[in-house]
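Worksheet for the structure shown next.
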Amino acid sequence: MARFDGETFLVDHAGVSATVEGLSGWRCGCGEIEFDPDSALRYAAAGDALVVQERQRQSADIRRIRRKLGLSQEAAARLTGGGHNAFSRYERGEATPMPAVVNLFRLLDRHPELLNDLV
């Protein structure tokens, strides 16, 4: 294990990245990293912030598309097979929709006329 101090690392999530500077710890010859406690906390916090940012973006997209389609939250939940509160929770960022739900709404965003084939 080799010691490193003050290095910059990149954290990636869902196509977005953040840099975290001044990290310290140990690096194995195999490439594995073990951060010092403070560095580990800062690296993890940067990753958590990216997850929250992606969840907020996804929530806003789901809400925008649902409204564009003229669907109530309840109707959108029926369309996707979710519970009656599913879309409320998605739009508040309290729950992450299944990838199939996100993909369906992205498709309907581009081709809203397909909604008539589903309802």
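Coordinate-derived values only; no laboratory data. Please read these numbers as outputs of a predicted model, since none were measured by experiment. With ideal geometry, Cβ positions are generated from the backbone for all residues, glycine too; neighbour counts draw on all protein chains shown.
Each of VAL102, LEU79, SER17 was placed along the dipole of the chain (beta-carbon charges, centred on the mean Cα), and the one lying farthest toward the positive end is LEU79. For segment 55-64, 3J(HN,Hα) computed residue by residue from phi via the Karplus equation (6.51, -1.76, 1.60; θ = phi - 60°) reads 5, 5, 5, 5, 4, 5, 5, 4, 4, 4 Hz, glycine and proline entered as x. Taking 0.36 nm per residue of separation and subtracting the Cα-Cα distance, full extension of the segment from GLU94 to PHE4 would add 28.6 nm.
Relative contact order of the chain: 17 percent, from C-alpha pairs under 8 Å at least 6 residues apart in sequence.
Add +1 for every Lys or Arg and -1 for every Asp or Glu among the other residues with Cβ under 12 Å from the Cβ of PHE4, and state the total. Value of the local net charge: -2.
Positive contributions from Lys and Arg (+1) and negative ones from Asp and Glu (-1), summed over other residues with Cβ under 11 Å from the Cβ of ARG42, come out at -4. Magnitude of the charge dipole for segment 52-119, about its Cα centre and with charges confined to Cβ atoms of Lys, Arg (+1) and Asp, Glu (-1), is about 200 debye. Charge dipole (Cα centre; +1 on Lys/Arg Cβ, -1 on Asp/Glu Cβ; no other charges) of the chain amounts to roughly 760 debye.
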